[in-house]
Amino acid sequence: MTSLLICNKLNVQKRFDFDAINDESFFNRNIEEVPKKMMNITANFQAIEIQLQEEIIVEILSRLPVRSLHRFKCVSKYWKALISDPYFRMKHLNRAKNDRNSQKNLISKTCFDKKKTSDKITHFYSSSLSSAVQLFEDEKEVDFSPNWTPWCALILSSCDGLVLIKFLDLRTGKVILSLWNPSTRESVELPLPRLVPLKHCICGMGYDTTSDDYKIVMINLTRFAHGAISTEVLALKSGGSWRSCEYPTDISRVQGVWDCGMDYFAFIHGAFHWVGCRLSQCYIVVSFNISNEVYGEIPLLDQMCLNFDRKKLTDVLDLGVSTLEGMLCFYSTYYKGGEGSFKLWVMRDYGVKESWTILVSIQDSNLYSVRPRYRFGDGEVLLRCRHRGFIKFIEYATSRGPFGVWPSRQTHMQDVVYTESLISPKLFACV
Amino acid sequence: MITLQSSDKDVFEIEQSILIQSGTIKNMVEDDFTFIPLPSVDTETLIKIIEYMKKHADKTDSKEKNIKEFDKDFMKKTLNELFALVFAANYLHISSLLELLYPSIADRIKDKITEAIRQIFSIRCDFTPEEERRIIMDNKWAHEGTEIEGTLD
């Protein structure tokens, strides 16, 4: 295109004749005879042709799944360099975030049968989230790492295709915190937080646009944690060690059924979110901004915080926040006198109290701890449930009804949704 | 009416309103060109491009379903044809056609073996056999699977 415009600026006749250049004898002419301007045009045209090819290849490659890209690394040196380029990886990630076919579900299974101590090795499985049916039919085991044998692994958080895992390495007996990309199979070890014991922490991981860095936040909020609440932050690229941040003194922990009501923090609008209890009276959503590390609050509607009697052991409440399709959502499972009730609200306008809208409401006596995980294209919400009789393993249901029970009932299971990406944990080797 | 000339010297007279879907042609029309030679686009490809632009010129709501059906059928071509189309659509800056071609091509090539990719893109392998073997071993899991095939289309 540019070459044609150059021709126009030379004031060549409006009907430009390419015959002169296409004629082979043109190229056989003595080089001094060729007018300089014509030579420039030819050179520009060839350079543009090559550039167009690169543009096209980048556009096609950025739409390929991670597995294909890893296979195509050996096509040529140029392709390998392109696939490894950080800018290309970001372009690929930004496209994958909006592509339903790139969303996957990671499940960890650890046998907790005391008689089978050798089986406590955790196995990981990945399945497609293109539909509820695919979740079961498409399950494939994912090898974690040749360096470690993960024993009793816990999934802590996930962001941009990276998953944070904590486990005990059978070979060394060490507690390891690892950043893993299940799509590329790469993993790296991270330092452990200094003050808060890992087993009492809830985690969150997010990308901070201000510092162009990923940050991990850990707060000792689980039901077994006691004493002062402290926050620790790790910036992956810069720093390489954990920093402590103070926690608001007037907000206390929330106790859920099995933990604090959440598996990991909800990261949205540049902040981590979880549920706190202000002055033992009302529940609020606490936020922690990833860039300036300032705490904030998001109010809940009165009907979202039910009054219930903690002394009555049959009354159980499990609540927390999560994200669905770019919106903050609040969920609660309330079990009272044989009747279970699950409600899910979404905040249509972030920060606006009146915009809390109920999305799902289910009554079922078997509901115990229900958490929303993902919204399918047809609007159905994938729910991860725990069964009252067998709390350590998980079941899935959708907003339209229950389905699928995982076969083994002596397995401790965890799950997290992740995006297939090329982001490499090896960029963050801060140990 | 604007006249387009393919690299094979065939000429086509098309209404300006249809052709402005091409950013390149739109710019040339604004500069008062009425005869536009396209040395990068052969006749076969140009015919298909014109067919696409004619179909997409009328974007009224009632035609939307028709257009979607047309697009789906339009992609049912050989890889060579799709490549010629993507090169031409890029050169002519027809973004809607590019947004259709890129994912279609990606989908067609995603399960191919590396040798098929090299042939399709006319790429010469510049790795030594040892280097190539090492890259394959590092990414062994990506080379295993029943869905991987070696056709050139």
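The values are calculated or read from the model by the stated rules, or taken from the named source; none is laboratory data. Keep in mind that this is a model prediction, so the values were computed, not measured. So basically every Cβ, Gly included, is an ideal-geometry build from the backbone, and we count neighbours across all protein chains shown. Just so you know, the surface numbers come from the protein's heavy atoms only, side chains and all, with ligands and any DNA or RNA stripped out. Shrake-Rupley method; radii C 1.70, N 1.55, O 1.52, S 1.80 Å.
General remarks:
- Cβ-Cβ distances below 8 Å connect no pair with a first residue in the stretch B:132-146 that is within 7 Å of chain A (Cβ to nearest Cβ), a second residue that is at pLDDT below 85, and a separation of six or more residues or different chains.
- Selection count where residues are farther than 21 Å from B:D10 by Cβ, in a helix (DSSP H, G or I) and of a type in the set (D, E), scope the stretch B:25-63: 2
- One residue alone among B:R108, B:R118 is at the interface with chain A (Cβ under 7 Å from one of its Cβ atoms) and either open to solvent by 20 Å² or more (accessible area, probe 1.4 Å) or in a helix (DSSP H, G or I) (or both), and that residue is B:R118.
- Yes/no for B:K63 being away from chain A (no Cβ under 14 Å) and out of contact with any helix residue (DSSP H, G or I) (no Cβ under 7 Å at 6 or more places or on another chain): yes
- Filtered residue count, the stretch B:81-105, keeping only those that are more than 9 Å from chain A (Cβ to nearest Cβ) and without any contact (Cβ under 8 Å) to a residue 12 or more places away in the chain: 1
- Flag if B:L46 is touching a Ser or Thr at 6+ places or on another chain (Cβ under 8 Å), open to solvent by less than 30 Å² (accessible area, probe 1.4 Å) and facing chain A (nearest Cβ under 10 Å): no
- Those residues of the stretch B:121-130 which are at the interface with chain A (Cβ under 8 Å from one of its Cβ atoms) and either open to solvent by less than 60 Å² (accessible area, probe 1.4 Å) or among the acidic types (D, E) (or both), in sequence order: B:F121, B:I123, B:C125, B:D126, B:F127
- If the condition is being surrounded by 19 or more Cβ atoms within 10 Å (Cβ to Cβ) and more than 8 Å from chain B (Cβ to nearest Cβ), then the stretch A:70-88 contributes A:L82, A:I83.
- Close pairs (6 angstrom Cβ cut-off, 6 or more residues apart or separate chains): touching a residue at least 60 places away in the same chain (Cβ under 8 Å) in the stretch A:340-359, open to solvent by 40 Å² or more (accessible area, probe 1.4 Å) anywhere: A:Y350/A:H269
- Count of the stretch B:68-85 residues, restricted to those that are open to solvent by 20 Å² or more (accessible area, probe 1.4 Å) and assigned to a helix (DSSP H, G or I), is 10.
- Only residues that are in a loop (DSSP other than H, G, I, E, B), open to solvent by less than 80 Å² (accessible area, probe 1.4 Å) and of a type in the set (V, I, T) were counted across the stretch A:220-249, and they come to 2.
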